[in-house]
Amino acid sequence: MQERCVVCGKPLMRDDIAIHKKLVNRGAKEFMCIHCLSEHFKVDEQLVREKIQFFKEQGCTLFSKG
């Protein structure tokens with residue numbers, strides 16, 4: 001069963017879950033999509049996407065393909 005955003009119900013991708021864990025709670029069991037997460041933090045969605053890219057480039061294991 002695919003995870004869904006707890007706010008809007010959108011199906012989540014790997015990056016949605018990883019950035020939620022990185023910014024909110026690493027042990028979270030429920031997640032927000034990138035759009036809802038950006039609204040939660042009152043930042044532009046592009047900033048969240050830039051952070052995802054930054055963490056990937058830094059080698060953060062939350063964003064690995066395994």
How many residues of segment 37-66 are within 21 Å of MET1 (Cα to Cα) and either surrounded by 12 or more Cβ atoms within 10 Å (Cβ to Cβ) or of a type in the set (Val, Ile, Thr) (or both)? The answer is 2
Restricting the search to segment 6-16, which residues are assigned to a helix (DSSP H, G or I) and either exposed (fewer than 15 other Cβ atoms within 10 Å of the Cβ) or without any contact (Cβ under 8 Å) to a residue 24 or more places away in the chain (or both)? ARG14, ASP16
Name the residues in segment 31-66 that are in contact with a Lys or Arg (Cβ under 9 Å, 6 or more places away or on another chain), under 15 Å from MET13 (Cα atoms) and in a loop (DSSP other than H, G, I, E, B), would you? CYS33, SER64, LYS65
Subset of segment 8-26 (residues that are out of contact with any helix residue (DSSP H, G or I) (no Cβ under 8 Å at 6 or more places or on another chain) and either more than 18 Å from SER64 (Cα to Cα) or among the small types (Gly, Ala, Ser) (or both)): GLY9, PRO11
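Read the figures in this text as sums done on the coordinates, not as results from a lab. Because the structure is a prediction, the values reported are computed rather than measured. All Cβ positions, even for glycine, are placed from backbone atoms using ideal geometry, and neighbour counts span all protein chains on display.
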